[in-house]
Amino acid sequence: MRLAGRLGGAAVSLVMVAVLGFFLFRVVPGDPVVSMTRGRPTTAAMQAELRAQFGLDRPLHEQFWSYFTSLLRGDLGTSFTFRRPVAEVIAERLGPTLLLVGTATVIAVGLGLWLGVRAAWRRDSAFDRATTGVSLTLWAVPTFWLGMLLMMVTGDLFPSRGMRDTDTAPDFVSQALDVGHHLVLPSITLVAVVCAEYVLVMRSSLLEEMHAPYLVTARAKGLRDDLVRRRHAVPNAVLPAITLVFLRFGLVVAGAITTETVFSWPGLGLLFYDALTGPDYFLLQGLLVVTAGAVVVMNLLADLLHGVLDPRVKVV
Amino acid sequence: MTPEVTNPVLELKKLTVHYGHKRVVDDVSLTLAPGQTLGLAGESGSGKSTVAMSVLRLLPRTARVDGEILLDGHDVQTMSWGTLRAVRWASASIVFQGAMHSLNPVRRVGDQIAEPMRLHGTPGRVTELLEQVELPLEKARAYPHELSGGQRQRVMIAMALACGPRLVIADEPTTALDVVVQAQVLTVMKRLVAEQDLGLLMISHDLSVLAETCDDLAVMHRGALVERGCTREVIANPRHPHTAALTAAFPVIGDPAHRWAEPAAAPEPLLEVRDLVVDYGRTRAVDGVDLTIGQGEIVALVGQSGSGKTTLARTIMGLRKPSSGRVIFDGAAVPLKGRALKAFRRQVQLVLQDPASALNPRHKVLDAVAEGLRVHRIPGDEESLVTAAVERAELRPANLYLDSLPHELSGGQQQRVVIAGALVLQPRLLVADEPVASLDASVRGEIVALLLRLRRELGLASLIITHDLGLAWQIADRVAVMHQGKIVEQGSVEQVLLNPSHDYTRALLRAVPQV
């Protein structure tokens, strides 16, 4: 029953996202046809034809209905700027984003949770102060500034634009090495910026558990300090962090707009930026639906996983 | 008197523990032979738990420990960390208080019992240990929250015995349990200690529990050991005034000296409960209850945890809707919503068990007490009303306390603040859920006296919910015994507690540990 409730809740959220995605970009000022034809001489007839082509001449509720039904079929409409189906454009950019933001998130989560545990366990030690201080500073730093700083400091060591060089040999190994090489700077930037969140959540959550009586029991049993931490303290303290991690995994799909823009990484973040400068309504609409949908789904997964990890929460 | 022990399991020599400049344990010397059971009594803050924790060197790093702690002849203080870890649990283990929090909530209890066995390489099986503490074997797969309080405490005992220690330290092992479960757990402990020839150091604030379990008794007061001897003798002829105060504070059922309530004439009914039924989903928590509380009458509602007494109280207060039946207050049915319900609630006030959690830690006494006035928008000078209520609750002079925060007060003072918060609304009925269960013996008597004085001076009626039959004997005019949602017996205190007619009442009375 609880599972059905959770699934139902997620479904309602997804529908809300779809509805919001449609109306949000209809209330934005500006005429899509005007922006589409900006810089080119057009006649009123051509504009009317474009309007008809994108269905913009029909009443709002008809537009919504056709948007909604095609959404259910997986059709997100056609992009003005790319003149191609939105779904296709997004799918093409999904891979690079998952590669960059996924890598960075996995590293940041691992590093952040580990640092958070160590910092809390030796609270107020030099290690704790250094960890919290450095991660907070990096969190406060603007992403684009950090990215540009990294580019300047590393000089020619790592490529700073795009995902691969045009002159790389086409075989898999050279291609992979090239992409990996390009990946270094943007992922360092992302990890540096988001890691603090995990450090702080893990640290405060473990600090709350530090005085729990069951840790005294564990020590009284004769467990080594690191076993007390690994077997007893961390499994309890990590629970709140799980939710955050999964929410973050949801945001992976949204990409990292600033990082991708700074490093010209051809992912969804850069696509978002381009779509906004258009503005390309159908593309924005599609991006919103896809990224918000990913967050909803990941949130659902976090709920379910929480139930698996914490026996006190009954999900199924 | 105590024979010279040649090979003691535990020997404390001039143990002194400081936290900063505060001396919490003061020059304590003790010996415990194998097979010997020693009770360590004292109130909160007497240092008894600090002694327990020092045996396995579990005190926080801020503690400074002087003196010797010899476990099987070896000084715990000078052991290397490796030796100490090997000694922990294998030589001495601890049954902690509050098994809910002392067990890891996300691990199965079977794993937690097996953990020290694997660690110390002790042969044996979890199932055998569960058998010893009379727990069904399939409970090994349960998580702590899936067990009852008594079952969790049995898990703690099984865990303590896992590595076959020579000494078991039990720190308030039954404090949160009701009398019947407490008696069962104590029986299991007594049997195992005798069978396995263990040394037992049992720590409690409750002399009757120690008297039931231990041959010898030591009493601690402000960090020092003030008395030590054979349990019977210490209780019969206490030599130290603090021991005398402790023994006197626990009411003996049937002893007229412990019967503090003065007999009252048959009163007019104030609250009547008629055929009340409350269902939680498919479970019937309250099953056809009839109960009357007269004006100025004190009624004790006794029963085990889960008997439905708290649900009954919540329904009486209008916090839960009855499934059927009626609650009549002062001649009119208790309203179920709106302004009428709010007005009714002003006349019936609640006092909870644990004042430390009932009070908002960030609210000053003034705000805590004035909250009811603000909720009910009662006209008049707030500060003078609060002052009057606080002084009624015997915190005098009130202005010393009004700006205090709860953590600056003692347990007894906190409970007085809770009572003042109820009194400020000038209620006619007080519903008190275990009002003295979390208080020390000496403070307990003061709160009981306060409740009786309020009845005498203000004509305040009370419904006291408790599993403590001694409290009922001390304070109540009438007793109602609740079992599985039904009131199985009710009548005057003398009638119910001295000549019980129902088997369940007799079982409850048998379970009460006697000093």
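From the list A:Ala140, A:Ala196, which one is within 26 Å of A:Val252 (Cα to Cα), among the hydrophobic types (A, V, I, L, M, F, W, C) and surrounded by fewer than 20 Cβ atoms within 10 Å (Cβ to Cβ)?
Values: A:Ala196 fails: surrounded by fewer than 20 Cβ atoms within 10 Å (Cβ to Cβ).
Just one listed residue meets the conditions, A:Ala140.
Just one residue in the set B:Ala449, B:Ala398 is in contact (Cβ under 8 Å) with a residue 24 or more places away in the chain and not charged (D, E, K, R); that residue is B:Ala449.
Taking segment B:293-347 only, how many residues are of a type in the set (A, V, I, L, M), closer than 14 Å to B:Arg274 by Cα and open to solvent by less than 40 Å² (accessible area, probe 1.4 Å)?
Quick first cut of segment B:293-347, residues of a type in the set (A, V, I, L, M) only: B:293, B:298-302, B:312-313, B:316-317, B:319, B:327-328, B:332-334, B:336, B:340-341, B:343.
Imposing the further condition that a residue be closer than 14 Å to B:Arg274 by Cα reduces the set to B:293, B:312-313, B:316, B:327-328, B:332-334.
The next check asks that each one be open to solvent by less than 40 Å² (accessible area, probe 1.4 Å); those that pass are B:293, B:312-313, B:316, B:327-328, B:334.
Total meeting the criteria: 7.
Of everything in segment B:253-272 that is out of contact with any Gly (no Cβ under 7 Å at 6 or more places or on another chain) and modelled with pLDDT of 90 or more, the residue that is surrounded by the fewest Cβ atoms within 10 Å (Cβ to Cβ) is B:Glu272. Looking for something in contact with a helix residue (DSSP H, G or I) (Cβ under 6 Å, 6 or more places away or on another chain), within 14 Å of chain B (Cβ to nearest Cβ), assigned to a loop (DSSP other than H, G, I, E, B) and surrounded by fewer than 20 Cβ atoms within 10 Å (Cβ to Cβ) - is there at least one such residue anywhere in segment A:233-249? Checking segment A:233-249: not a single residue is in contact with a helix residue (DSSP H, G or I) (Cβ under 6 Å, 6 or more places away or on another chain), within 14 Å of chain B (Cβ to nearest Cβ), assigned to a loop (DSSP other than H, G, I, E, B) and surrounded by fewer than 20 Cβ atoms within 10 Å (Cβ to Cβ). Of all residues in segment A:36-56, those that are in contact with a strand residue (DSSP E or B) (Cβ under 9 Å, 6 or more places away or on another chain) and in a helix (DSSP H, G or I) total 1.
Among the residues making up segment A:96-139, those that are small (Gly, Ala, Ser), more than 13 Å from A:Val199 (Cβ to Cβ) and modelled with pLDDT of 90 or more are A:Ala104, A:Ser125, A:Ala126.
Once segment B:420-441 is narrowed to residues that are in contact (Cβ under 8 Å) with a residue 40 or more places away in the chain and within 14 Å of the chain's Cα centre (by Cα), the residue that is farthest from B:Glu371 (Cα to Cα) is B:Ala441.
When residues in segment A:280-316 are screened for being within 17 Å of A:Leu24 (Cα to Cα) and surrounded by fewer than 19 Cβ atoms within 10 Å (Cβ to Cβ), 1 of them pass.
Is there a residue in segment A:273-284 that is part of a helix (DSSP H, G or I), under 13 Å from the mean Cα position of the chain (by Cα) and within 21 Å of A:Leu71 (Cα to Cα)? Can you show your working first?
Within segment A:273-284, the first condition is being part of a helix (DSSP H, G or I), and the residues that meet it are A:273-277, A:281-284.
Filter once more, so that each one left must be under 13 Å from the mean Cα position of the chain (by Cα): none.
Among the residues of segment A:273-284, not one is part of a helix (DSSP H, G or I), under 13 Å from the mean Cα position of the chain (by Cα) and within 21 Å of A:Leu71 (Cα to Cα), which makes the answer no.
Taken over segment A:103-137, the residue count meeting the criterion of being farther than 28 Å from A:Asn236 by Cβ and either open to solvent by less than 30 Å² (accessible area, probe 1.4 Å) or touching a residue at least 40 places away in the same chain (Cβ under 8 Å) (or both) is 1.
List pairs: first residue in segment B:280-296 and within 18 Å of B:Ser462 (Cα to Cα), second residue open to solvent by 10 Å² or more (accessible area, probe 1.4 Å) and not in a strand (DSSP E or B) anywhere in the structure, Cβ distance under 6 angstrom, at least six positions apart or on different chains. Hits for this filter: B:Gly294/B:Pro267; B:Gln295/B:Pro267; B:Gln295/B:Glu268; B:Gly296/B:Pro267; B:Gly296/B:Arg455; B:Gly296/B:Gly459. Residues in segment B:47-58 that are more than 26 Å from B:Thr122 (Cα to Cα) and within 14 Å of chain A (Cβ to nearest Cβ): 2 in all. Condition check for A:Ile257 on (1) under 17 Å from A:Gly95 (Cα atoms); (2) within 12 Å of chain B (Cβ to nearest Cβ): one failure, at (2). Here A:Leu14 passes the criteria (1) under 27 Å from the mean Cα position of the chain (by Cα); (2) without any contact (Cβ under 8 Å) to a residue 40 or more places away in the chain; (3) open to solvent by less than 80 Å² (accessible area, probe 1.4 Å) except the one numbered (2). Candidates in segment B:71-104 are the residues that are open to solvent by 50 Å² or more (accessible area, probe 1.4 Å) and in a loop (DSSP other than H, G, I, E, B); of these, the one that is farthest from the other protein chains (Cβ to nearest Cβ) is B:Gly73. The set of residues in segment B:322-341 being of a type outside the set (Ser, Thr, Tyr), in a loop (DSSP other than H, G, I, E, B) and in contact (Cβ under 8 Å) with a residue 40 or more places away in the chain consists of B:Pro322, B:Asp330.
Select from segment A:169-181 the residues that are free of Cβ contacts under 8 Å to residues at least 60 places away in the same chain, in a helix (DSSP H, G or I) and not aromatic (Phe, Trp, Tyr) and list them in ascending order.
Within segment A:169-181, the first condition is being free of Cβ contacts under 8 Å to residues at least 60 places away in the same chain, and the residues that meet it are A:169-178, A:180-181.
Checking the rest, the ones that are also in a helix (DSSP H, G or I) come to A:172-178, A:180-181.
Correct list: A:Val173, A:Ser174, A:Gln175, A:Ala176, A:Leu177, A:Asp178, A:Gly180, A:His181.
Of all the residues in segment B:220-252, those that are in a loop (DSSP other than H, G, I, E, B), open to solvent by less than 30 Å² (accessible area, probe 1.4 Å) and modelled with pLDDT of 90 or more number 1. Within segment B:362-377, not a single residue is farther than 29 Å from B:Gln413 by Cα, over 28 Å from the mean Cα position of the chain (by Cα) and open to solvent by 80 Å² or more (accessible area, probe 1.4 Å). The numbered conditions (1) without any contact (Cβ under 8 Å) to a residue 24 or more places away in the chain; (2) closer than 14 Å to B:Ile447 by Cβ are all true for B:Val417 except (1). Note on segment A:250-263: among residues that are open to solvent by less than 20 Å² (accessible area, probe 1.4 Å) and in a helix (DSSP H, G or I), the one that is nearest to A:Met151 (Cα to Cα) is A:Thr259. Residue-level analysis places A:Asp274 outside the set of residues that are among the acidic types (Asp, Glu), within 14 Å of chain B (Cβ to nearest Cβ) and open to solvent by 40 Å² or more (accessible area, probe 1.4 Å). Only one entry of A:Phe82, A:Phe25 meets the criterion of being in contact (Cβ under 8 Å) with a residue 60 or more places away in the chain, open to solvent by 60 Å² or more (accessible area, probe 1.4 Å), in contact with a helix residue (DSSP H, G or I) (Cβ under 6 Å, 6 or more places away or on another chain) and over 25 Å from A:Leu300 (Cα atoms), and that entry is A:Phe82. Note on segment A:199-224: among residues that are without any contact (Cβ under 8 Å) to a residue 24 or more places away in the chain and assigned to a helix (DSSP H, G or I), the one that is surrounded by the fewest Cβ atoms within 10 Å (Cβ to Cβ) is A:Pro213. Only one of the numbered conditions (1) open to solvent by less than 50 Å² (accessible area, probe 1.4 Å); (2) assigned to a helix (DSSP H, G or I) is not met by A:Met163, and that is (2).
For segment B:113-150, the tally of residues that are facing another protein chain (nearest Cβ under 8 Å) and open to solvent by less than 20 Å² (accessible area, probe 1.4 Å) stands at 2.
The values are calculated or read from the model by the stated rules, or taken from the named source; none is laboratory data. Given the structure is predicted, the values throughout are model-derived calculations rather than measurements. Backbone-built Cβ (ideal geometry, glycine too); neighbour counts: all protein chains shown. Heavy atoms of the whole protein, side chains included, go into the accessibility calculation; ligands, DNA and RNA do not. Shrake-Rupley method; radii C 1.70, N 1.55, O 1.52, S 1.80 Å.
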